[in-house]
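Quick notes on the structure that follows.
The values are calculated or read from the model by the stated rules, or taken from the named source; none is laboratory data. Since this is a predicted model, take the numbers as computed values, not measurements. Here Cβ is always computed from backbone atoms with ideal geometry, including for glycine, and neighbour counts include all displayed protein chains.
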Amino acid sequence: MGQQRTRSGQQQESPLKTERGNTTISNAVVAQVAGMAAQEVEGVQLGSSTTRAVGGIVDSVTGGTGYARGVTVEVGETETAIELSVVVEYGRSIPQVSESVRTNVIRRVENLVGLKVNEVNITVNDVLLPGAGE
């Protein structure tokens with residue numbers, strides 16, 4: 001049966017389950033794509049102040065990028081759920097920023113990875129004050 005309903009109600013096959021073989025997506029891939037998509041929204045950074053500071057040091061030593069910092073995912077065969085921990089710049093509307101992040105993450109993960117995103121839960125755990133960039 002490998003069919004799922006799209007938002008418009010049409011049935012479509014999962015792009016990851018085909019008659020010629022299956023594609024499995026790792027948690028790390030979804031976390032990186034979701035993290036990059038979240039950071040595409042202006043005024044958002046992943047993680048908390050502490051995780052960003054410690055992560056920046058680790059990234060400078062290891063050469064990492066930290067795109068998945070503050071991202072937790074649960075990946076199934078054709079679906080995923082995503083949890084993000086973010087910092088929002090002071091002066092920005094948290095509900096508007098959260099909805100922009102949620103929309104962009106869903107769009108990117110569904111288009112680039114091929115998994116249906118069931119939910120994107122966002123925890124805003126800090127506010128970035130003006131002039132306090134990384």
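Report yes if residue 45 is buried (at least 18 other Cβ atoms within 10 Å of the Cβ) and either at pLDDT 90 or above or farther than 26 Å from residue 131 by Cβ (or both), otherwise no. Before the answer, list the steps.
Values: buried (at least 18 other Cβ atoms within 10 Å of the Cβ): yes; either at pLDDT 90 or above or farther than 26 Å from residue 131 by Cβ (or both): yes.
Answer is yes for this residue.
Does any residue in the range 18-43 that is under 18 Å from residue 107 (Cα atoms) come within less than 6 Å, Cβ to Cβ, of a residue that is at pLDDT 95 or above and hydroxyl-bearing (Ser, Thr, Tyr) six or more places away or on a different chain, and which pairs are these?
Hits for this filter: 30/80; 41/100.
Can we say residue 98 is surrounded by 13 or more Cβ atoms within 10 Å (Cβ to Cβ), modelled with pLDDT of 95 or more and farther than 27 Å from residue 16 by Cβ? Break it down stepwise before answering.
Values: surrounded by 13 or more Cβ atoms within 10 Å (Cβ to Cβ): yes; modelled with pLDDT of 95 or more: yes; farther than 27 Å from residue 16 by Cβ: yes.
For residue 98, the condition - surrounded by 13 or more Cβ atoms within 10 Å (Cβ to Cβ), modelled with pLDDT of 95 or more and farther than 27 Å from residue 16 by Cβ - is met.
Taking the stated definitions as given, is residue 83 modelled with pLDDT of 95 or more and either within 12 Å of the chain's Cα centre (by Cα) or small (Gly, Ala, Ser) (or both)?
yes
I'm trying to understand the selection: among the residues of the range 73-95, which are over 21 Å from residue 16 (Cβ atoms) and outside any loop (DSSP other than H, G, I, E, B)? Before the answer, list the steps.
First, pick out the residues of the range 73-95 that are over 21 Å from residue 16 (Cβ atoms): 83-95.
Result: 83, 84, 85, 86, 87, 88, 89, 94, 95.
State all residues of the range 105-125 that are assigned to a helix (DSSP H, G or I), farther than 14 Å from residue 86 by Cα and in contact (Cβ under 8 Å) with a residue 60 or more places away in the chain; if no residue qualifies, say none. Please lay out each step first, then the result.
First, pick out the residues of the range 105-125 that are assigned to a helix (DSSP H, G or I): 105-113.
Still in the running and farther than 14 Å from residue 86 by Cα: 106-113.
Of everything in the range 105-125, those that are assigned to a helix (DSSP H, G or I), farther than 14 Å from residue 86 by Cα and in contact (Cβ under 8 Å) with a residue 60 or more places away in the chain turn out to be 107, 108, 109, 112, 113.
Does the range 71-107 hold any residues that are of a type in the set (Lys, Arg) and within 25 Å of residue 128 (Cα to Cα), and which are they? Break it down into steps so the answer makes sense when it comes.
Restricting attention to the range 71-107, the residues satisfying the condition of being of a type in the set (Lys, Arg) are 92, 102, 107.
Across the range 71-107, the qualifying residues are 92, 102.
Just to be sure before I move on: is residue 113 surrounded by 18 or more Cβ atoms within 10 Å (Cβ to Cβ), closer than 19 Å to residue 23 by Cα and under 14 Å from the mean Cα position of the chain (by Cα) in the structure I sent?
On the way: surrounded by 18 or more Cβ atoms within 10 Å (Cβ to Cβ): yes; closer than 19 Å to residue 23 by Cα: yes; under 14 Å from the mean Cα position of the chain (by Cα): yes.
So residue 113 fits the description; yes.
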